Structures are given as structure tokens and as C-alpha cells.
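Asker: My questions will all concern the structure given below.
The values are calculated or read from the model by the stated rules, or taken from the named source; none is laboratory data. All values derive from a computational prediction rather than experimental measurement. When we count neighbours, we look across all protein chains shown, and the Cβ atoms used for this are built from the backbone with ideal geometry, even at glycine.
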């Protein structure tokens, strides 16, 4: 099992590249199942969750050819409608194949998904939505079974809570349903918008993606397409915090500045200098004075993303004053607090709020990653800590960051991967 050894105290300087979005790629890989024609996706990130989804697609009968970050898929004949536990047990996004399989084949059997232990994240919203479209849902032996022997029929679906994967799953099911489907209280994330762009390129009729109401007029069949996946905004945000926490001067390239407005505004409030030389890059430089503690609450897009909460908390340990961080999306996303405390952070958790006392001199320690974004926060803390930090179980960070240690080392970080 690999780990990171980090020797902190070096300001990061130079240029760092952002890869394709994992959270956009996962539903777009699932969308391959909707057509028997050739689909090419470019900028597919080489991370564990993507590898798991590719393995699942192969199991379902999808053929593919890969050249670097570009993969061409052929789903001419699906050989299975089941996503088995052995493949999907470590990946929450496995539920995304429910909609496409149900729409194309009329049935799907998917293992109840796993993933990071950051909250319950039930998929009951997905299942109720499919039932609105006429699907018959049952659950037994750890599997969800969905059938639509008469095909899916458009309907109006109102989500009680905003759900990104639920919105994406329903969108993919609805593109082949007869009639019109209206999704109310839909997720507005850039990843949802990018999926809609791919689907429309394949011949779907999706309107309103990026707003709270999405309208989908079903079509009889989809065709092939070529599509480039958007930049990973969470990866870009993590690099912005890396530049800020080390007092460096970092140019984050190949990103979408407009997708990071909430993160940029919060960093600027804290005294970090963040500018956008062009729409596809952001520059972060050390503040002239000390970092200032600034409260933050996670919200659905366009609010501050929950996937950046742990990284922001690491930054606030170095700010002057006391900040209050509220986690409004997941109920169990403060597991990194205990590990940050091992490094000297002063953080008190009260329910869904964390009170961070800044100006904490961090010192290197052996810490353990508990989930994807928590592992990123520990790496960030290690970059500024005195002495050596060892981050164990970095397979978590490998789920969503492609060669993060190499990218950080290229801009001056003293970080290396070690294999036990």
C-alpha cells in the first residue's frame, strides 16, 4: 500500500496543469451505454474511479480503444445488464449506469454502491424518479433491480433534495423515454451541464441544464459523438489552496475560472491574491499580509463545494483568527479533523460545524487518509508543516487526483510516493 512522504516549508512556484474532471467523466462514461454507435471522449482522467468504471463498461460488453487521454467506445452489443458488487464496491458512481441500462435495454441490476464514507448518500431519490417514468423497482440481496418492460415514459419529477448523481441518472434515462420529462430542483453543477452537452451532441434534446429546471424531449435513438471533458474544478481548487497555504506563486492552467467563483471569492476574502490571466487559468500568490480567518458554509453549486471543504479547513489552520466551517451537504465529512489535529491543528467539531483556531504551527506527523478529499487536505497540511509528514492510504487520493505528487513536485514540493 502506497504512502506519501512530504517535507514541508517550500513555497510552490511555477505552472501546474489541471486534468479532466472525474465527476464529469463518470456520468459521461455511463452515457456510452445509450447508443450502439461510436463515441469518443477526450481528456479522460487516469484515476482509480475511472479505471473502475472502465472495468464495469467492459463487463457490460463495451469495447474501447485508448490513446492517452482519448478513448473511443463501441457499445454495439451489450452482453450484460448487471453491475456486480465485485466491480463497483469501491465506487459510488456505479449507480449512474442504472438510467442508461434501463433506457436502452429495459432492465438493470446494480449493486448498491460504495465509495467514500462521508455520509449516507442514499439513492432513493434516483429510484423514485425512475418509478415516475414507469420503471418497476425492487431491492434484494444487496442489488437494485429495475425493469421497464413497456419502456420509459416522460413525466415531471421534483427532487426533494438537490442531487447531482440523481439529476444525471434521470437525464440519461429520460433521453430515450417517450414524451417530455421535466426535472425540477435539478442540480446545476458544471458536470451536469457538460453531460447535457454530450447527450445533445449524441442527438438528445436536453434544455435548461445549469438551471433548476431541466426539460428533456425523448428521442427514439442516439448516434455517436466526440466530446472533450471539462476541467476538474476540484483539482484546480486544491492547487489554488496549495499555492496559498505555502505562500507561493502558482499558475493553475487548463481550468475553467468561471467554475471556481465561490472558491476564488472565499480565498480573496481571506487575503489571498487570486487573478485570472485568461478564462482558462488562475494565478494564486501569497498575500501581502497574514491570512485572515473567514467563515465558510458548503452549498450546492454555485455555492462553495463540499469537495473543497477539507482543503479550505487546512488553509484556515494557518489564518489569523477563528473561522467557523459549516458542512451542509454531508453529515460525516469532518473525519480529517482528527488527523489534522495530530499535526497540531486546533479544531473543535460541533455537529455540522467545525471551529478552527488559526495560527497553528503544524508539525509533520504520520496521518491516515479516510476519504478522497480528506487525503488532499492532509497533503496540503504536510506542504506547510515543519518536518516530515507521512500520509498513509493514499489510494483514496488516487481515486480523484492523477499523479498529484508528480504535479506538486514539479512546482517545488518535496513530496514522494513510497511503496511498502
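One line per residue, one yes/no per condition, for (1) at positive phi; (2) part of a loop (DSSP other than H, G, I, E, B); (3) over 13 Å from the mean Cα position of the chain (by Cα); (4) not assigned by TED's automatic domain parsing to the domain that holds residue 77:
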| position | (1), (2), (3), (4) |
| --- | --- |
| 30 | no, no, yes, no |
| 33 | no, no, yes, no |
| 36 | no, yes, yes, no |
| 40 | no, no, yes, no |
| 46 | no, yes, yes, no |
| 49 | no, no, no, no |
| 52 | no, no, yes, no |
| 56 | no, no, yes, no |
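Asker: Also: Filter region 410-420 for residues that are modelled with pLDDT of 95 or more and more than 13 Å from residue 382 (Cα to Cα) and give the result.
Answerer: Listed by number, the residues that qualify are 410, 411, 412, 417, 418.
Asker: Being outside any strand (DSSP E or B) and either touching a helix residue (DSSP H, G or I) at 6+ places or on another chain (Cβ under 8 Å) or closer than 18 Å to residue 306 by Cβ (or both) is the filter here, so list the residues in region 339-358 that pass it.
Answerer: Within region 339-358, 339, 340, 343, 345, 351, 352, 358 qualify.
Asker: Going residue by residue through region 286-296, is there one that turns out to be at pLDDT 95 or above, on the phi > 0 side of the Ramachandran plot and either in contact with a strand residue (DSSP E or B) (Cβ under 8 Å, 6 or more places away or on another chain) or not in a strand (DSSP E or B) (or both)?
Answerer: No, there is no match, as no residue in region 286-296 is at pLDDT 95 or above, on the phi > 0 side of the Ramachandran plot and either in contact with a strand residue (DSSP E or B) (Cβ under 8 Å, 6 or more places away or on another chain) or not in a strand (DSSP E or B) (or both).
Asker: Then there's this: Could you list all residues from region 58-87 that are farther than 16 Å from residue 105 by Cβ, in contact (Cβ under 8 Å) with a residue 40 or more places away in the chain and not in a helix (DSSP H, G or I)?
Answerer: 69, 73
Asker: In addition: Scan region 302-324 for residues that are touching a helix residue (DSSP H, G or I) at 6+ places or on another chain (Cβ under 9 Å), in a helix (DSSP H, G or I) and surrounded by 22 or more Cβ atoms within 10 Å (Cβ to Cβ) and report the count.
Answerer: Going through region 302-324 one residue at a time, the tally reaches 9.
Asker: Can I ask one more? Looking at region 272-301 only, could you name the residues that are farther than 25 Å from residue 190 by Cα, free of Cβ contacts under 8 Å to residues at least 60 places away in the same chain and in contact with a helix residue (DSSP H, G or I) (Cβ under 9 Å, 6 or more places away or on another chain)?
Answerer: 285, 287, 292, 294
Asker: Now for a different question. Of the residues 237, 243, 247, 271, which single one is within 30 Å of residue 331 (Cβ to Cβ), modelled with pLDDT of 95 or more and in the same structural domain as residue 6 (by TED's automatic domain parsing)?
Answerer: 237
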